[in-house]
Structures are given as C-alpha cells and as structure tokens.
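Bear in mind that the values in this text are calculations on the coordinates, not laboratory data. Keep in mind that this is a model prediction, so the values were computed, not measured. Backbone-built Cβ (ideal geometry, glycine too); neighbour counts: all protein chains shown.
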C-alpha cells in the first residue's frame, strides 16, 4: 500500500528508499498482534499444569495452530522492523550493516523454525 | 560526520524524567526483552515438536522462582508494549497529542498493564489450583 500523495509522485518528491513501507508494515503487524497477543497470554495462563500432554493437546487443536502460526509470523516481522529502528539509531558504520543483516536472518530463521515446529505438532 | 562546533543538546542525565520520556524508553527496552521471550516461545514449540524430555528441561527452568519472575516480567513487558503501542497508533491517527492527554494516556497505559498482568497471573493460579 502506498501512502504517497499523487501530487508527490507526479513531482517525483519523497523518499528515495522504501519510505512509508517500513512504517506501514510496523503498524500493520502491530494491529494484527493486538488480539493475538491478548489471546496467547490468557490461553497460556489457563493451560493449568502445563504438562507435556496438556501443551501437546493444546497445540494440536486446529484453531490454536492457525493462530500461533499467524502470531509467530507477525511477531518476528514486527521484531525485525522494531530492532532495525533501534539499531539504526545507536549503531553506525559497518557494524550497523552487519547487525541489520544478522537481525534479518535470525528473525527469518526463528519464524520458520517456529512455524515448522507448530506444523510438525499439528500435522 | 557531525560538526562538533554546533551547540549540543544537554546530555540525557541532566533531564528530570517526565512520564512520557520514561514510557518511551521503556517501549524500546520492553521490545528488546520481548524479542528474547519470542525466541524462548519458539524454543518451547521446537521442544514439544521434538522431545518430551527437552520440554520438561525448559519447563523446569521456567517453573522455579527465577523462571517465574522472568515470566511475570515478560507478561508485564508484553502488556506495557502492547498498550503503549495502541497509544502510538492513536497518535499515528492524529489523536491525543495535547500534553495533558499524553500524560493521562501514559498513566492509563501503566494502570491497564498492571491490571492485565495481575489478571493473567490470577487466571494462571486459579487454573493450576482447581
């Protein structure tokens, strides 16, 4: 989605890079996470003894698997965007590039690992 | 790089911390803390997917006193980041920019964070003991 005004595009004004894309995705993932995170906190709290059997049975429930996969995806996307902003503020030079690449890769690794684990349990 | 001749803003340490500033900084700190929590969550999913013993090993650490303290802090961080995030969304939409409103909304973020943290742990204790 573009948040640019038609006039700014016609005049060729605005960001030379991704511009509002980062900002917009940070908000989009934030909005998605509001219901998911509130649900997760209470659902986990009400798991009772949290024994292996209880947790396994919970994770095997179809709607739980769907919501958790969405949550993992949104969480690590939001995390990547958020950490990027912090790094851009405090880290400079080549270390900034290295840190940003590392954050990008790690967020993808954890998101994929989480989703694969959830699918393995569910399927 | 920076032109050192220009006047510099006073160092952070000189300010009296207004609520808005404290919450703003906490938003970042809780964000980083929650990253660690998210990685732990994935570790738990992997544990359940691979080996019950691995799950029990993680569970052992999370159910002792230190583990529980961390879980309570994570719950608090989660709700603080969540509700302050909602506050940010209101600002993005153009609402609540007056100084008195930002202070009020900041106080509400903290109150709701405490209420929901207590509610989650109340639910946890109720459900464990029944």
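Overview of results
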| read-out | value |
| --- | --- |
| Cβ-based exposure ranking for B:74, B:108, in which fewest neighbours within 10 Å come first | B:108, B:74 |
| Gyration tensor over alpha-carbon atoms, the protein assembly as shown, equivalent ellipsoid semi-axes in Å | 35, 23, 19 |
| Helix-only CD estimate at 222 nm, as mean residue ellipticity for chain A, using -39500 (n - 2.57) per DSSP H run (n ≥ 4) | -27500 deg cm²/dmol |
| Cα gyration tensor category, rounded, prolate or oblate, for segment A:18-122 with a/c compared to 1.5 | prolate |
| Average beta-carbon neighbours from other chains, 10 Å sphere, peptide B:46-52 | 6 |
| Computed over chain A: relative contact order in percent, which uses C-alpha pairs under 8 Å that are six or more apart | 30 percent |
| Rounded to 10°, Cα long-axis angle of helix B:99-129 versus longest principal axis of chain B | 10 degrees |
| Helix axis angle, A:94-122 relative to chain A longest principal axis, alpha carbon, degrees | 30 degrees |
| Computed over chain B: relative contact order in percent, which uses C-alpha pairs under 8 Å that are six or more apart | 29 percent |
| Averaged over B:119-129, number of beta-carbon atoms from partner chains that fall within 10 Å | 4 |
